Structure formats: C-alpha cells, structure tokens
Amino acid sequence: MSLVPTFATPPGFLGVTRTDRGAAFTVAGIPLDLGTTNRAGARSGPQAIRAASRMLVDGAHPAHWVDPAALSLADIGEFSIALGDLPGSLAAIEAQAEGLSHLIALGGEHGITLPLLRALSRRLGGPLALAHFDAHVDTWPDSFGQPFGHGSVFFHALREGLVDPRRMIQVGIRSPVQRAVWDWTVAQGVTILDAQAVHEMGPAGVAARIRAVLGDAPAYLSFDIDALDPAFAPGTGTPEIGGLASWQAQAILRRLGGLDWRGMDIVEVAPAHDVSEITALAAATVAWEYLALVAMPKPMG
C-alpha cells in the first residue's frame, strides 16, 4: 500500500510521475469531442479518468497479482488537437501516436480510435484483430453528414484495411441502427454479440468467443464506456439502456489474458453528466484491467 493517502495521489494515471515517451507502456489523453452527435463533453474525459484512477493504486490486481502502476509506465499528458478542425485533429493524433510502443489512450470521443489504428497498423505492417465494446456498431458511413463523426470510426477502419473483419468482434451492441448498416457490418465478416447475447452467454462464454475470434493475431481493444448500462455509466454522450453491468465487463476482461494485445483506448466519458465519478472510475478500471492483462506472465510452452 502506498504511504500517500488516496486523495493526495499524484495527478498522472495511477499516480505515475514518469512523463517520457520511452516507457514500455504509455498513457495519453486525447481531449477530442468535435464529432459527437448527442451530448458533448468527452474532451474532459481524460482528466476525469486520471482522477478516478487514484482508487486503483493501493495494491496488486487481486486476480492476476500484478501491480499495473509498477510497470514501465508513463503518462505523457494530452495529445494536441486542431481546434475546431476534425480532420486536422485526426491527422495530429495519428502523428503523435507514431513511435509509441504500447499506447493506452484516454478519450475523448470514439473518433480518436481511427487515427490510432492507422498509426498502429502502419507500424505493424498489417491489419489488427479488434475487440470492440460498445452500445453502437459505429459503422455508419457518416454521422449526420460528417464523414469522420464518432459513429463512423469502424466504417473507415474496415474500408481502409486497418482491422481484419474476420478477427473483429463487437460486444454489447444494442442501439437503434439502420438494417443496411447492420447488414453491411456483418457482410464484412464482423462478429456481433449484442447485449442480450452477452447477458445470456455470461462472461465466460463471451470471453471464449472473443478469444476464438481474435486468435493469435496482434490485437487492439477499443472500449466505449457506453457499452455499460447507464446505471453503471451515466456520464457519457449517447447512453443506451440494457447494457453491460460493470461487473460483467470486468469479468470478461479478466478472461482475456495471453492474447497478443498491442494497444487500447477507453472513450466517450463525459464527466459533466457523471454521478459521483462512477463512469470515470469504471473507465479507469477498464484501463487498469487491461494493463494487468498485458503484465501477466506469458504461459510456458
């Protein structure tokens, strides 16, 4: 346990004070919400997630027995954006992600995932497997006329070959959606587990399906906090009822060790709509769970 009281934890994610880009794992905030289509405010998400992460620094992960805060971990602060310019902001995010070995991105709207996938796919030389937790498919060709709005991120990722659709799974989907958008997504080869399927399968079944889809390919985790039911994550821009409980998401994530994770983001936290930090804490915990996964010892043989 830290000798520093929880309320006095330093302001970096998990209280880390390292700020250079040379760490094995790098946390960066991306305060972008120019492409939101309902409630704005995700630009304030990174700082809220960092503040809530102070609850996660008092010891090791109780299932994996690693301490994510003790990793080679740096928090390099916020990425710069092009104020009022969505395409310019995406280009700036992509450039700033270059060279970061393993990025944990704190959003920000879901549109930030597109430039992060562009940078990572280019560095790895091919498409990624993708686990996508969300209430929405985010494969609309445009978002109310804006081609790079936050509801179109995976339309572009699939069209650009950044992810392998046969290695892509969407978990928790439940929002209204045009049938043509759904059919297009499935036709690409994407696996969709809607929220009802998640509830019926249970965490073990969902995790097994994710593992089967991702296989041994280099993989990315994109977690939209609205995958959680609004009872567990009210502080988001596009809440949808019927979602995952926070314990379900946690139980699924804890079963995803040993996959070839290369990066992740947690997005769409809008703290102005939060209640008692519960959304920000859920988001911080998702990132903490992810770091515990990638820090787990690799199986022998």
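The values are calculated or read from the model by the stated rules, or taken from the named source; none is laboratory data. Since we're looking at a predicted model, the values are computed, not measured. Backbone-built Cβ (ideal geometry, glycine too); neighbour counts: all protein chains shown.
Tell me, yes or no, whether the range 105-121 has at least one residue that is in a loop (DSSP other than H, G, I, E, B) and surrounded by fewer than 14 Cβ atoms within 10 Å (Cβ to Cβ).
Looking for residues that are in a loop (DSSP other than H, G, I, E, B) and surrounded by fewer than 14 Cβ atoms within 10 Å (Cβ to Cβ), one finds none in the range 105-121, hence no.
Would a scan of the range 78-91 turn up a residue that is at pLDDT below 95 and more than 26 Å from ARG159 (Cα to Cα)?
yes
Results for (1) assigned to a strand (DSSP E or B); (2) surrounded by fewer than 17 Cβ atoms within 10 Å (Cβ to Cβ); (3) under 21 Å from the mean Cα position of the chain (by Cα), shown as yes or no for each residue.
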| residue | (1), (2), (3) |
| --- | --- |
| THR17 | no, yes, no |
| THR26 | yes, no, yes |
| LEU32 | no, no, yes |
| HIS64 | no, no, yes |
| GLY84 | no, yes, no |
| LEU90 | no, no, yes |
| ILE93 | no, no, yes |
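Any residue that is outside any strand (DSSP E or B), buried (at least 17 other Cβ atoms within 10 Å of the Cβ) and of a type in the set (Phe, Trp, Tyr) - is there at least one of those in the range 206-225?
no
Mind listing just one residue for me: the one in the range 242-259 that is touching a residue at least 12 places away in the same chain (Cβ under 8 Å), outside any loop (DSSP other than H, G, I, E, B) and among the hydrophobic types (A, V, I, L, M, F, W, C) and, of those, surrounded by the fewest Cβ atoms within 10 Å (Cβ to Cβ)?
ALA251
Go through the range 260-280 residue by residue and tally those that are assigned to a loop (DSSP other than H, G, I, E, B), out of contact with any Asp or Glu (no Cβ under 8 Å at 6 or more places or on another chain) and either more than 15 Å from SER44 (Cα to Cα) or aromatic (Phe, Trp, Tyr) (or both).
So the answer is 1.
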